[in-house]
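Colleague: Once you've had a glance at the structure underneath, I'll fire off some questions.
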Amino acid sequence: MPTQIHANEHSLLKAFKKEAPIAGMHPHKSIHHDITLTDNWFWLRDSSYPKTDDKNILDYLKDENKYFDLFKNKNAQLINKIFEEFKGRINDKETSVPFVKNGFEYRWEYKDGDDYRTRYRKNLETGKESIFLDEPLLAKNSEYFVISDWKISPNNQYLAYSVDVSGDERYEIRIKDLTTGKLLDDVILNSDGSVNFTSDSKNVLYGLLDQEKWKTKSINVHTLGTINSQDKRLIEEADDSFFLWFSLTRDGQFFVLSSSKGSVDEVHIVPSNLSTNPILMASRNQKIKYALSHAHDQFYILTNDNHVNFRIASTNDKTPGYKHWKPFKQANNTNYLRSIATFDQFIVIKQNVNGLEQLIISDYQGKQTSIDFPETLYTASLFNNPEFKQKHIRINYESMITPDTVFDYNVDAKKFSTKKVKKIPSGYDKSQYETIRIMADARDGVKVPVSLMYKKGTKLDGSNPLHLYGYGAYASGISPRFSTSRLSYIDRGVIYAIAHVRGGNEMGYQWYLDGKLDKRTNTFNDFVDVAKHLVKKQYTSVGNISISGRSAGGELMGAVVIQQPELWSSVNLGVPFVDVLNTMLDADLPLTPPEWGEWGNPIKNKADFELIRSYSPYDNITAKNYPPMFVSGGLNDPRVTYWEPAKWTAKMRHLKIDNNLLIMRINMGAGHFSNSGRYGRLKDYAEEYAFTLLSHGIEE
């Protein structure tokens, strides 16, 4: 192993001469399982949340932003250079591959300099094309703007879309008459963003949020031209620990009403003309995961009822209940079935085999063929396939070194037709880069996959700076995707690595189960062990590894910087879930009851309390040296509330004994997903990239 150096011995990220903001200590005591907890920064949680209007809190956050501005101003040249690199890899004027649905061709384009898309549709009979959704115009006077969902009615007359202008993910649904170009008087407030039309085009379904909680409480039906108080409740979720949402089957025949909590699903189906009441598929008492698709007169169900890697069952849509499900594709120990999509003549199955993705085509008699792609390490997903009856499927394909490519795949001929390859105006030569996957040894003997990308010719002698990314939660695997931003690391000699730690699903559903609840610490240990493996194999050295993660990945960052701070050159904690214990003890927060299935319930269970307390990053900060840290959050974030990064920063400032830079950027007008618009986010990324590069001693 190379000679160990303390993290940041060479770092340019030292604290500013100006004193950092100090959040005062106001002890708050609570007792759980006869144990007294003292939280000196509990006051940063506004008592009137979801409103945040406490002057002391706002003043502290503003002071932190002013301190952050010192970093931004001092390093403006590097930040601007990186931002221009990012912009140079974006096609200012970009057009999508058109798709056809119900007699119209749809496409979008970015016009020069626009942050948002302009969407068009063309009548295939008349050839007339028109703008149906002008996002730049709608966003003109908004600091933040996101459209969550949009749908065209089956009769092609109406457009329904949902918009958020604050980042709090409480959407307003608007409906436009496409024959007149005018908005209807119908406006639906406080929705979760989901919307769709019934088959007769007279009604829209939407998810209604609880007024006090950021949680969908019911799926409602609104009849066009009526007042909202007349909306009918299609289904309601009374259990705060379950999430509720809906979708429409690909053939347009059924709405799927889904309630979910961790590893438990309950699904009702209702015809898209609402001719019957919702019908239960399988009760939550079955304690299984399942999702479904529909074709002809059959439901096809992806479920883990008898195998952790899932199987596919089928049943007639007249007898959808669980007792009628019969086998269609059996499960096995090596193939993890992730999703299914039914078409008129075939089913597309996405699966992982030994951590690598595959797309499978199956006919309705069960005969299967795999789609062969040119690389071993890639990600491929169905992309804009709105028609049920089609002979081809559209696929988005990419790898860590292959830019996004849109293919049409002819199922009968087994041939690809390239429709679009992502253009990089400033230039990109794939042959200059290399990507591989290696397996790292975890401390308990498990092999953890690691995906790497670096410049060809890179000498693996331990001298390279390396950036390690991780997530590891909610069965959300990190696919090996292409990133134009990432090139600003790699072109400066930084190796980029993804640690596919337990808690994700890359190696199967058991991989997820082995990183949650009482096995949560596997996720943190895997990440540290991956870093040590990369040092052992001389990809890098101790103290020359920068790391980043967002949300639950931010929890991971907090845990590993506490476990082994000397490994890292810097840490980027994006909207970090670091105050795990306090959040899981607060049943009034909308996301706490549903999250007990992931982390445990420390209110009822002392063992859960003790385990979470043992690893919760905020609760385990002690007086010692830490590497430089970049912390970010959003004031309107309903997922990871602003006070989590704020409390982490305040406590860390109080206890750390080093002179390394700790900065926090709180976006006062956005939520979980940072700035909106394609350029707005790039500005945030440029600041984070500059911080990371400086931690490696790279100044330009």
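Colleague: Kindly provide the set of residues from the stretch 39-69 that are within 24 Å of Glu212 (Cα to Cα), within 29 Å of the chain's Cα centre (by Cα) and of a type in the set (Lys, Arg), ordered by number.
Modeller: The answer is Arg45, Lys51.
Colleague: Oh, and also: Inspect the stretch 137-149 for any residue being of a type in the set (S, T, N, Q) and farther than 30 Å from Asp637 by Cα and give the result as yes or no. Walk me through how you get there before you give the answer.
Modeller: Filtering the stretch 137-149 for residues of a type in the set (S, T, N, Q) gives 141-142, 148.
Still in the running and farther than 30 Å from Asp637 by Cα: none.
Looking through the stretch 137-149, none of the residues is of a type in the set (S, T, N, Q) and farther than 30 Å from Asp637 by Cα.
Colleague: Assess whether Met629 counts as being crowded, with 24+ Cβ neighbours inside 10 Å and of a type in the set (A, V, I, L, M).
Modeller: Considered against the rule, which asks whether it is crowded, with 24+ Cβ neighbours inside 10 Å and of a type in the set (A, V, I, L, M), Met629 comes out as yes.
Colleague: Continuing with this model, one more query. Please go through the stretch 1-26 and give me each residue that is β-branched (Val, Ile, Thr) and at pLDDT 75 or above, ordered by number.
Modeller: Selection gives Ile22 alone.
Colleague: Given Lys532, Lys536, Lys606, which one is surrounded by fewer than 21 Cβ atoms within 10 Å (Cβ to Cβ) and either of a type in the set (Asp, Glu) or in contact with a His (Cβ under 6 Å, 6 or more places away or on another chain) (or both)?
Modeller: Lys606
Colleague: Looking at the structure I just gave you, is Val560 β-branched (Val, Ile, Thr), at pLDDT 95 or above and crowded, with 24+ Cβ neighbours inside 10 Å? Spell out the reasoning first.
Modeller: Details: β-branched (Val, Ile, Thr): yes; at pLDDT 95 or above: yes; crowded, with 24+ Cβ neighbours inside 10 Å: yes.
Here the answer is yes, as Val560 does meet what is asked.
Colleague: Out of Tyr60, Tyr49, which single residue is out of contact with any strand residue (DSSP E or B) (no Cβ under 8 Å at 6 or more places or on another chain) and part of a loop (DSSP other than H, G, I, E, B)?
Modeller: One residue alone meets the criteria, Tyr49.
Colleague: Condition first: farther than 17 Å from Ser546 by Cβ, at pLDDT 95 or above and of a type in the set (S, T, N, Q). Can you find one or more residues in the stretch 645-653 that meet it? Working first, answer last.
Modeller: Of the residues in the stretch 645-653, the ones farther than 17 Å from Ser546 by Cβ are 645-653.
Filter again for at pLDDT 95 or above, leaving 645-653.
Filter once more, keeping what is of a type in the set (S, T, N, Q): 649.
Yes, because at least one residue in the stretch 645-653 is farther than 17 Å from Ser546 by Cβ, at pLDDT 95 or above and of a type in the set (S, T, N, Q).
Colleague: Would you mention how many residues in the stretch 415-432 are in contact (Cβ under 8 Å) with a residue 12 or more places away in the chain, of a type in the set (D, E, K, R) and farther than 15 Å from Ala380 by Cβ?
Modeller: Residues that pass the stated criteria total 2.
Colleague: Being closer than 14 Å to Asn80 by Cβ and among the hydroxyl-bearing types (Ser, Thr, Tyr) is the filter here; which residues of the stretch 677-700 pass it?
Modeller: Tyr679, Tyr685, Tyr689
Colleague: Check the stretch 237-247 and report whether any residue there is in contact with a Leu (Cβ under 9 Å, 6 or more places away or on another chain), touching a residue at least 40 places away in the same chain (Cβ under 8 Å) and of a type in the set (D, E, K, R).
Modeller: no
Colleague: Mind counting the residues in the stretch 342-380 that are crowded, with 18+ Cβ neighbours inside 10 Å, among the small types (Gly, Ala, Ser) and part of a strand (DSSP E or B)?
Modeller: Qualifying residue count for the region: 2.
Colleague: Please enumerate the residues belonging to the stretch 503-529 that are surrounded by fewer than 24 Cβ atoms within 10 Å (Cβ to Cβ) and either in contact with a Cys (Cβ under 6 Å, 6 or more places away or on another chain) or of a type in the set (D, E, K, R) (or both).
Modeller: Asp514, Lys516, Asp518, Lys519, Asp529
Colleague: Can you tell me which residue is farthest from Asn620 (Cα to Cα) among those in the stretch 37-46 that are assigned to a helix (DSSP H, G or I) and of a type outside the set (A, V, I, L, M)?
Modeller: Within the stretch 37-46, the match that is farthest from Asn620 (Cα to Cα) is Trp43.
Colleague: In the stretch 422-431, is there at least one residue being assigned to a strand (DSSP E or B) and not polar (S, T, N, Q)?
Modeller: Going through the stretch 422-431, the residues assigned to a strand (DSSP E or B) turn out to be none.
There is no residue in the stretch 422-431 that is assigned to a strand (DSSP E or B) and not polar (S, T, N, Q).
Colleague: Can you name the number of the only condition in (1) part of a loop (DSSP other than H, G, I, E, B); (2) basic (Lys, Arg); (3) touching a strand residue (DSSP E or B) at 6+ places or on another chain (Cβ under 7 Å) that Lys604 fails?
Modeller: The single condition Lys604 does not satisfy is (3).
Colleague: Name every residue in the stretch 607-620 that is assigned to a helix (DSSP H, G or I) and not hydrophobic (A, V, I, L, M, F, W, C), in order of residue number.
Modeller: Just the residues of the stretch 607-620 that are assigned to a helix (DSSP H, G or I), to begin with: 607-615, 617-620.
Asp608, Glu610, Arg613, Ser614, Tyr615, Pro617, Tyr618, Asp619, Asn620, listed by residue number.
Colleague: Right, next: Collect the residues in the stretch 155-199 that are closer than 22 Å to Phe243 by Cα, of a type in the set (Ser, Thr, Tyr) and touching a Pro at 6+ places or on another chain (Cβ under 9 Å), keeping them in residue-number order.
Modeller: Of everything in the stretch 155-199, nothing turns out to be closer than 22 Å to Phe243 by Cα, of a type in the set (Ser, Thr, Tyr) and touching a Pro at 6+ places or on another chain (Cβ under 9 Å).
Colleague: Continuing with this model, one more query. Only one of (1) buried (at least 23 other Cβ atoms within 10 Å of the Cβ); (2) of a type in the set (A, V, I, L, M, F, W, C); (3) touching a Pro at 6+ places or on another chain (Cβ under 9 Å) is not met by Val542, so which one is it?
Modeller: (1)
Colleague: Restricting the first residue to the stretch 677-700 and requiring it to be in a helix (DSSP H, G or I), which pairs with a second residue that is β-branched (Val, Ile, Thr) meet a Cβ separation below 7 Å and a spacing of at least six or different chains?
Modeller: As it stands, the answer is Arg678/Ile90; Ala686/Ile79; Ala686/Ile82; Glu687/Ile79; Tyr689/Ile82; Ala690/Ile79; Ala690/Ile82, since those pairs meet every condition given.
Colleague: Tell me whether the stretch 232-240 contains one or more residues that are buried (at least 19 other Cβ atoms within 10 Å of the Cβ) and either closer than 18 Å to Glu172 by Cβ or of a type in the set (Phe, Trp, Tyr) (or both).
Modeller: The answer is no; no qualifying residue exists.
Colleague: OK, next. What are the pairs with Cβ atoms under 6 angstrom where one residue, in the stretch 76-90, is touching a residue at least 60 places away in the same chain (Cβ under 8 Å) and the other, located anywhere, is surrounded by 18 or more Cβ atoms within 10 Å (Cβ to Cβ) and aromatic (Phe, Trp, Tyr)? Sequence gap at least six, or different chains.
Modeller: Once the first residue is touching a residue at least 60 places away in the same chain (Cβ under 8 Å) and sits in the stretch 76-90, its partners that are surrounded by 18 or more Cβ atoms within 10 Å (Cβ to Cβ) and aromatic (Phe, Trp, Tyr) give Ile82/Tyr689.
Colleague: Just to be sure, is Val450 in contact (Cβ under 8 Å) with a residue 60 or more places away in the chain, over 30 Å from Ile152 (Cα atoms) and touching a helix residue (DSSP H, G or I) at 6+ places or on another chain (Cβ under 6 Å)?
Modeller: yes
Colleague: Counting only residues that are surrounded by fewer than 17 Cβ atoms within 10 Å (Cβ to Cβ) and either in a strand (DSSP E or B) or hydroxyl-bearing (Ser, Thr, Tyr) (or both), how many does the stretch 280-297 have?
Modeller: 2
Colleague: In addition: Hand me the list of strands (runs of 3 or more DSSP E) wholly inside the stretch 175-269 holding 1 or more residues that are over 24 Å from the mean Cα position of the chain (by Cα) and not hydrophobic (A, V, I, L, M, F, W, C).
Modeller: Values: elements: 182-197, 203-209, 216-223, 232-236, 243-248, 254-261.
Passing ranges, in order: 182-197, 203-209, 216-223, 232-236.
Colleague: Are any residues in the stretch 566-595 surrounded by fewer than 20 Cβ atoms within 10 Å (Cβ to Cβ) and under 13 Å from Tyr626 (Cα atoms), and if so, which ones?
Modeller: Glu566
Colleague: Then there is this: Scanning for something in a strand (DSSP E or B), touching a helix residue (DSSP H, G or I) at 6+ places or on another chain (Cβ under 8 Å) and more than 13 Å from Trp643 (Cβ to Cβ), does the stretch 24-36 turn up at least one residue?
Modeller: For the stretch 24-36, residues in a strand (DSSP E or B), touching a helix residue (DSSP H, G or I) at 6+ places or on another chain (Cβ under 8 Å) and more than 13 Å from Trp643 (Cβ to Cβ): present.
Colleague: Taking the residues in the stretch 81-127 that are in a helix (DSSP H, G or I) and of a type outside the set (Phe, Trp, Tyr) as candidates, determine which candidate is surrounded by the most Cβ atoms within 10 Å (Cβ to Cβ). Don't jump to the end; show me each part of the working.
Modeller: First pass over the stretch 81-127, keeping only residues in a helix (DSSP H, G or I): 81-88.
Narrowing further to those that are of a type outside the set (Phe, Trp, Tyr): 81-82, 84-85, 87-88.
Values: Lys81: 15, Ile82: 25, Glu84: 13, Glu85: 18, Lys87: 18, Gly88: 13.
In this case the residue turns out to be Ile82.
Colleague: Now a separate question. If a residue has to be surrounded by 22 or more Cβ atoms within 10 Å (Cβ to Cβ), touching a residue at least 24 places away in the same chain (Cβ under 8 Å), of a type in the set (Ser, Thr, Tyr) and not in a loop (DSSP other than H, G, I, E, B) to count, how many in the stretch 145-172 make the cut?
Modeller: Going through the stretch 145-172 one residue at a time, the tally reaches 2.
The values are calculated or read from the model by the stated rules, or taken from the named source; none is laboratory data. Everything quoted here is computed from the prediction, not taken from an experiment. Because the Cβ atoms are built from the backbone with ideal geometry, glycine has one as well, and the counts that use them run over all protein chains shown.
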